[in-house]
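Peer 1: Below you'll find the structure I mean.
The values are calculated or read from the model by the stated rules, or taken from the named source; none is laboratory data. Keep in mind it's a predicted model, so treat the numbers as computed, not measured. Cβ placement follows ideal geometry from the backbone for every residue including glycine, while neighbour counts extend to all protein chains displayed.
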Amino acid sequence: MKRRKWIIAVFCPIFFYPYLLWGGQAESDDYVFVLRIEGGKLYKFIEKDNREKKELVKEEVQRMEILYPNTVLFIDEGVSVSLACAGCSPLNLSHKDNPYAVKMADFTRDRSKARTLALSLRDALLYFIYPDSKPRLPIQVKARGWPFFAPWPPEGARILSLGEPISFRWPTTGGSFSLEIWEADTKNVIFQKNNISQGTDVPFVRFKPGKKYEWALTDEITNHQDQASFELIAESETIQVSQKSKEILEVLPREIDEETRFRLRAGYLHSQGFTYDAWRLLEMKSLPHLLRD
């Protein structure tokens, strides 16, 4: 055991030097992701500042995490790991491969796949929605009157025009509310419903693609009112975004299960700012642990 630690201590600088120089990868399609981790844990070595000096530390890697070339991995004994990339077959590793530095040359890639799909898949991975995830909303002005929790759809949400009912939700308070929705420009009321406890679905036929809407929730006992707004995206943009969310599945390995595929599609929608649609997609597929607090 001591000998192994000595070897890692001596040779780590050699393995890590290119990794430390690699820098940002924001626009690179050269990356892999962790397809599978079974039997234990996978780690990567990263450089961190410790007061006035830098040191290398191990950080646990999770499934579907992106790894860039020259990232150095350490696999626990008895653990099997599969790495994959856009348009390539998985690479299987074990603790016998320690330490492993990610090299794109180790992966056979189908270069006929469009680079844009690889970049879109990268976005989906960066925003991958895990079973225990909560919606990550962009920094924005708070909805009027919602000091402790956000309305759903979120304030300022951009929603795809998919022809499906729009779901309005808020935390259970035990009270009774009235919901009113109107066009932001004309102020024409397009929906009104009383005596609602927690939420309701409004048929899509009440809305028009490309329009902005405002909605108000009024407590029928206290008369306290909260307001928020959202926008329905034009049909042309809806088609483009929806198609791209499906196309990224073309560059995935066949081994990826159906639930992960849907979570990647949702992750891509999330990355493009369509938070509502991302979570709505997973809810419609009845995937677990999606109730919002």
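Peer 1: Does residue 229 qualify as being small (Gly, Ala, Ser), within 30 Å of residue 189 (Cβ to Cβ) and part of a helix (DSSP H, G or I)?
Peer 2: No; evaluated as a whole, the condition is false for this residue.
Peer 1: Filtering the stretch 190-223 down to residues that are exposed (fewer than 11 other Cβ atoms within 10 Å of the Cβ) and over 23 Å from residue 280 (Cα atoms), which residue is nearest to the chain's Cα centre (by Cα)? Full working, then the answer.
Peer 2: Here is the first cut: in the stretch 190-223, the ones exposed (fewer than 11 other Cβ atoms within 10 Å of the Cβ) are 195, 205, 221-223.
Filter again for over 23 Å from residue 280 (Cα atoms), leaving 195, 221-223.
Values: 195: 35, 221: 39, 222: 38, 223: 37 Å.
Here the residue is 195.
Peer 1: Can we say residue 72 is in contact (Cβ under 8 Å) with a residue 60 or more places away in the chain and either surrounded by 13 or more Cβ atoms within 10 Å (Cβ to Cβ) or touching a helix residue (DSSP H, G or I) at 6+ places or on another chain (Cβ under 9 Å) (or both)?
Peer 2: Values: in contact (Cβ under 8 Å) with a residue 60 or more places away in the chain: yes; either surrounded by 13 or more Cβ atoms within 10 Å (Cβ to Cβ) or touching a helix residue (DSSP H, G or I) at 6+ places or on another chain (Cβ under 9 Å) (or both): yes.
In short, yes.
Peer 1: Still on this structure, I have one more. So, in the stretch 87-119, of the ones that are at pLDDT below 90 and of a type in the set (Gly, Ala, Ser), which residue ends up farthest from residue 273 (Cα to Cα)?
Peer 2: Here the answer is 89.
Peer 1: Give me a count of the residues in the stretch 241-257 that are assigned to a helix (DSSP H, G or I), at pLDDT below 90 and surrounded by fewer than 16 Cβ atoms within 10 Å (Cβ to Cβ).
Peer 2: 1
Peer 1: Going by the conditions given, is residue 261 within 21 Å of residue 130 (Cα to Cα), without any contact (Cβ under 8 Å) to a residue 24 or more places away in the chain and more than 15 Å from the chain's Cα centre (by Cα)? Talk me through it step by step, then tell me what you get.
Peer 2: Values: within 21 Å of residue 130 (Cα to Cα): yes; without any contact (Cβ under 8 Å) to a residue 24 or more places away in the chain: yes; more than 15 Å from the chain's Cα centre (by Cα): no.
In short, no.
Peer 1: Would you confirm whether any residue within the stretch 185-201 is in contact with a helix residue (DSSP H, G or I) (Cβ under 7 Å, 6 or more places away or on another chain), free of Cβ contacts under 8 Å to residues at least 60 places away in the same chain and not in a strand (DSSP E or B)?
Peer 2: no
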